[in-house]
Amino acid sequence: MLPELVPFYHDRDSKKHMTFVTISQDICHWDMMLRFDTLKTTKRVLYRRRKRQGGNMIVKVSNLVKRYGDLIALDHFKLDVAEGEIFGLLGPNGSGKTTAINCILSLLTFDKGEIEVFDKKMTPSSYDLKKDIGVIMQNVAVIEELTVYENIDFFCGLYVPDKEIRKNLVKEAIDFVGLGDFTKFYPKKLSGGLLRRLNIACGIAHKPRLIILDEPTVAVDPQSRNNILEGIVRLNREGATVIYTSHYMEEVEQICTRIGIMDKGRIVAMGTNEELKGMIRVGEKISIEFLAADPKDYVEFVESMPYIAAVEVQDRTMLIKTERGHNGLSTILTELQTKSIKVGRVYCELPTLNDVFLEITGKELRDGKEK
Amino acid sequence: MFWHNFSYSLKSNVRDKQLIFWTLAFPVILGSLFGLAFSNLSGTDVFDTIQIGVVNTQAYQADTAFQTTLAAVSKSDNTAGDPLFAVTQYASLEEATKALTDGNISGYIMEDSTLHLYIRSSGLNQTIMKEFTDWYLQASSAVSSIVAQNPSSASEISGILSKNITYISETKSNTNAPNDMLTYYYALIAMACMYGSFLGMKQVMTVQANQTPTGARIHLAPLNKLKIFASSLCAATLIQYISILILIGYLAFVLKIDFGNQLGYILLASFAGCCTGVSFGAMVGALSKKGEGVKTGIIISLSMLMSFLAGLMVAQVKYEAVKSLPILAYINPANLIADSFYALYYYNTYGRFFTNVGFLFGFSLLFYFIVFLVMRRQNYASL
């Protein structure tokens, strides 16, 4: 007997791709998926709009080389980010994302290459450029002895000298990150999620045109992570161009209009989410739980079905990859029913950026391990 | 922009409990402990004329040499200040004993065939009286022998005795009473000034992108970080200065430590000490790439070593260190700070004071120059 399945559409326009979730899944998970869906729709609309506008290049990086002794951290790294984009820089830990960002910001020296921001060469003393850049670093950078309000006001004050203007900006930033009830709190009294929000508020209060976020959701709970991601989309909607680095592919998929996948100091693939996934062979990934029978006994049987790219077994679950452009779920389930095989949970998902990364580099995206 | 950063630096530093503990609370606590430890010693170091009695016996009336000697040490002269003894004659032993019992005199002398000293307790006054009578007995014995051999030299010898006794009382010739305790308190102030290093170190770490995330954020602001650093340092120096003034106020008004009455110079010496302390910490912060813990350790170790050599633990160390290695008097900032207060208190001229203060400001400039050389770079090879 098949469990009751509820369809979840990844793309509401075409309704082409769907995921079945069992009714046993909890409400929170369902709610989160809906939120992601909203974000994705928003970003697509934005991306189409920006494309129509033509988009000036806000950041141009060419042939950037950065060495730490014998280690090449950036190997002829290239990057173009257009105005209005949310550009995602995705890669495992140690792939060079943070180094690239630090070089773009002129925090780090580099051996070779050119960096332009707002069509001007970026140098450590490019103060006219820096005033339009907001940075949210991976580590929380706030002053422990100042309250939430004071922290935001202090960092905003480094960009905006006028006290009256700053007052409004600080208030807006506080409202934006939802820290209105915590303005008099000291950072050590804030939870990890609230602290991250404060970190973001300190970086964006001066309303920069370019916002660079370096893994802002590391060690953040799911609810705060959603708030942060929604906030980034809102900032983009208000006119900011965003560069977002992460090793969480789900986040990048959700909010980024264009994605660059990094490995060993260079970008190995770049494009929209769909474009990147179109580069690989896998169409769908199907996971079927066998309740009674041993899935190993049916590997050959499934492999013999049409458009099956690969079959693996993990404990009592069979993992099946179909070829791109072919949906095999209903066929597989029907065939298994003919053999009277009882199945439990069934999942079907589209290829992820991890699959893209795996196919391009031979490694898992999340931990960078060779596969 | 200066005031924006200055005011927030003031706020953040004042609220930093650890910093305030080391720069203010710890020296105050240590000063209080000094106060408790030295409370029984303080009275002994201040010299007052000693009230003594003499029983007017027949032997005493006949001993003109002793009478002359007593008169000599009981007489005030311009160079020696107050006399050593104030002598009261008593007609009988009972009267003298009563005066001693009543506390009117520290002791009395009764002469028969020899001198007898009567006291009720021990102390500096009694020790001096004992030393005096012992010395007189020895000297008179020697003189008697000389006179027996050469009678013509008697008057000359009597004069020599008087001069010798006058010489003994010359220890009171300075304006301020000698007080070893002051060395400890001055060294304590020096230590407190050097603990301003914690403030200096914090300011450097706050703006260095390769040391703290906050530094990275400040580095990315559209401002020269040296300007931000300068305003932070001004705030740090002000906090340190106020801390030192509170400490001096506490020592002066609560523990009754005498700093003399040259307030302007005291403020100047304190300011020079604060500048040196804060700049020293900034230099350690800039030069070392180690973590905050290591830097704190370096600062505590060096500050304590400097303060030790300035006499914080053993007053005599200050003199011995400078005697063994005279250059220490000029290269140890803690010694310079302590010695500035010392020079103000003991000397009527300002040569030594201004030399010390000049060296302190010189060191501050040197330390800041080193900090500038390290911090002037705008970006880093690694973070």
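Throughout, read-outs are computed from the coordinates displayed, never taken from laboratory work. Quick caveat, the model's predicted, so the values are computed rather than measured. Methodologically, a virtual Cβ is constructed for each residue, glycine included, from the backbone with ideal geometry; neighbour enumeration extends over all protein chains shown.
Key figures
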item: Whole-Hz ³J(HN,Hα) from phi, Karplus 6.51 cos²θ - 1.76 cosθ + 1.60, for the range B:267-272, glycine and proline x; result: 5, 5, 4, 4, 5, 4
item: Nonlocal amide H pairs with B:TYR90, under 5 Å, H built at 1.01 Å; result: B:VAL54, B:VAL55, B:ASN56
item: The range A:86-195, relative contact order in percent, only Cα pairs under 8 angstrom and at least six apart counted; result: 20 percent
item: Sequence ranges B:282-294, A:200-212, B:187-199, ranked by mean other-Cβ count within 10 angstrom, highest first; result: B:187-199, A:200-212, B:282-294
item: Magnitude of the charge dipole, the protein assembly as shown, Cβ model with Lys/Arg +1 and Asp/Glu -1, debye to 20; result: 3020 debye
item: Top positive-direction residue, dipole computed over the protein assembly as shown with Cβ charges, set A:ILE200, B:ASN332, B:PHE363; result: A:ILE200
item: Most to least packed among A:259-270, B:115-126, A:312-323 [average Cβ atoms within 10 Å]; result: A:259-270, A:312-323, B:115-126
item: The range A:105-147 and the range A:293-357: distance between their alpha carbon centers, rounded to Å; result: 48 Å
item: Choice from B:THR349, B:THR214, B:THR114 with maximal GNM fluctuation in chain B (Cα, 10 Å cutoff); result: B:THR114
item: Debye log10 I(q)/I(0) at q = 0.06, 0.10 Å⁻¹ for the protein assembly as shown, Cα point scatterers; result: -0.59, -1.04
item: Residues with amide H under 5 Å from that of A:LEU89, placed H, sequence gap 5 or more; result: A:TYR244, A:THR245, A:SER246, A:GLY260
item: Test item: Cα-centred dipole of chain B, Lys/Arg +1 and Asp/Glu -1 on Cβ, debye; result: 3000 debye
item: Inter-part distance where the range A:170-190 and the range B:65-143 are each reduced to a Cα centre, Å; result: 80 Å
item: Most positive-pole-ward Cα, B:SER307, B:TYR8, B:LEU36, against dipole of the protein assembly as shown from beta carbon charges; result: B:TYR8
item: Antiparallel DSSP beta bridges within the protein assembly as shown, percent to nearest 5; result: 65 percent
item: Reachable lysines from B:LYS256, criterion Cα separation under 26 angstrom, eight or more residues apart if same chain; result: B:LYS172, B:LYS318
item: For residues of A:137-148, the mean tally of beta carbons on other chains within 10 Å; result: 5
item: Pairs of alpha carbons in the range A:74-215 whose separation is greater than 19 Å (percent); result: 55 percent
item: Pairs from A:LYS120/A:LYS163; A:LYS171/B:LYS202; A:LYS131/B:LYS295; A:LYS60/A:LYS130 whose Cα-Cα separation, in the structure shown, is over 25 Å; result: A:LYS120/A:LYS163; A:LYS171/B:LYS202; A:LYS131/B:LYS295
item: The range B:331-345 - phi-based ³J(HN,Hα) in whole Hz, Karplus 6.51/-1.76/1.60, Gly and Pro as x; result: 9, 9, x, 5, 5, 4, 5, 4, 5, 5, 5, 4, 5, 5, 7
item: Sequence-distant lysines (8 or more away, or on other chains) whose Cα lies within less than 27 Å of B:LYS98; result: B:LYS75, B:LYS130
item: Residues with amide H under 5 Å from that of A:GLY344, placed H, sequence gap 5 or more; result: A:GLU289, A:PHE290, A:LEU291
item: Phi-based couplings in Hz for the range A:120-126 (Karplus 6.51, -1.76, 1.60; Gly and Pro marked x); result: 10, 5, 8, 10, x, 9, 7
item: Average other protein chain Cβ within 10 Å of Cβ, residues A:100-112; result: 3
